[in-house]
Amino acid sequence: MSGTETGDDYDLTAITEGGDGAIPYGGELNAFVEAILGRDRAEIAAARAAVVEAMGAAAMVDAAATIAAFNAYPRAADATGIPLEDAKREATAGLRHELGLDALEVAA
């Protein structure tokens, strides 16, 4: 659920700088993401175990599926050359600047 709707304030710099993002289990989840994207089997196993211990096996499966999906969507969009829509570009300009997302490499 959106922090805008709940009134919660999240630290989105955790996306690029690490940390817990001020969300429950954020540290464990962020470590799981980093381990999976880093492809180090030992780190993945440790991060997976930490998520299971903190949140349970079903939550770990949900997290793994979410990580996989969010890793695949931008790759598919980049590979097909789908541009970011103007409305989304405008709406996310501040956030993309704050997090340095425009500096990330994407397919041209």
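The values are calculated or read from the model by the stated rules, or taken from the named source; none is laboratory data. Computed from a predicted model, the values in this text were never measured in an experiment. For neighbour counting, all protein chains shown are included, and Cβ atoms are generated from backbone atoms with ideal geometry for every residue, glycine included.
Return a yes/no flag: does segment 7-14 have any residue that is of a type in the set (S, T, N, Q), in a helix (DSSP H, G or I) and closer than 21 Å to Leu99 by Cβ.
No, segment 7-14 contains no residue that is of a type in the set (S, T, N, Q), in a helix (DSSP H, G or I) and closer than 21 Å to Leu99 by Cβ.
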In segment 99-108, anything within 19 Å of Asn30 (Cβ to Cβ) and exposed (fewer than 12 other Cβ atoms within 10 Å of the Cβ) is listed as Leu104
Within the bounds of segment 66-75, is there any residue that is in a helix (DSSP H, G or I), within 23 Å of His97 (Cα to Cα) and over 13 Å from the mean Cα position of the chain (by Cα)?
yes
Contact list, first residue from segment 86-108 and more than 20 Å from Ala72 (Cβ to Cβ), second anywhere and modelled with pLDDT of 85 or more and surrounded by 11 or more Cβ atoms within 10 Å (Cβ to Cβ), beta-carbon distance below 8 Å, six or more apart or interchain, is Asp102/Arg96
Note on segment 77-101: residues assigned to a helix (DSSP H, G or I) and charged (D, E, K, R) are Asp78, Asp86, Lys88, Arg89, Glu90, Arg96, Glu98
Subset of segment 84-97, residues within 16 Å of the chain's Cα centre (by Cα) and surrounded by fewer than 12 Cβ atoms within 10 Å (Cβ to Cβ), comes to Leu95
Within segment 2-52, the count of residues that are more than 15 Å from the chain's Cα centre (by Cα) and at pLDDT below 85 comes to 7
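What tally of residues in segment 17-46 results from selecting those that are loosely packed, with under 12 Cβ neighbours inside 10 Å and not basic (Lys, Arg)? Working first, answer last.
Our first condition is that a residue be loosely packed, with under 12 Cβ neighbours inside 10 Å; within segment 17-46, this holds for 24, 37-39, 41-42, 45.
Among the residues that remain, those that are also not basic (Lys, Arg) are: 24, 37-38, 42, 45.
Residues flagged as loosely packed, with under 12 Cβ neighbours inside 10 Å and not basic (Lys, Arg) within segment 17-46 amount to 5.
When you check Thr4 against the structure, is it part of a helix (DSSP H, G or I), touching a residue at least 60 places away in the same chain (Cβ under 8 Å) and among the β-branched types (Val, Ile, Thr), yes or no?
Numbers: part of a helix (DSSP H, G or I): yes; touching a residue at least 60 places away in the same chain (Cβ under 8 Å): no; among the β-branched types (Val, Ile, Thr): yes.
So Thr4 does not fit the description; no.
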Note on segment 47-83: residues surrounded by 14 or more Cβ atoms within 10 Å (Cβ to Cβ), of a type in the set (A, V, I, L, M, F, W, C) and either touching a helix residue (DSSP H, G or I) at 6+ places or on another chain (Cβ under 8 Å) or under 24 Å from Asp20 (Cβ atoms) (or both) are Ala47, Ala50, Val51, Val52, Ala54, Met55, Ala59, Met60, Ala63, Ala64, Ile67
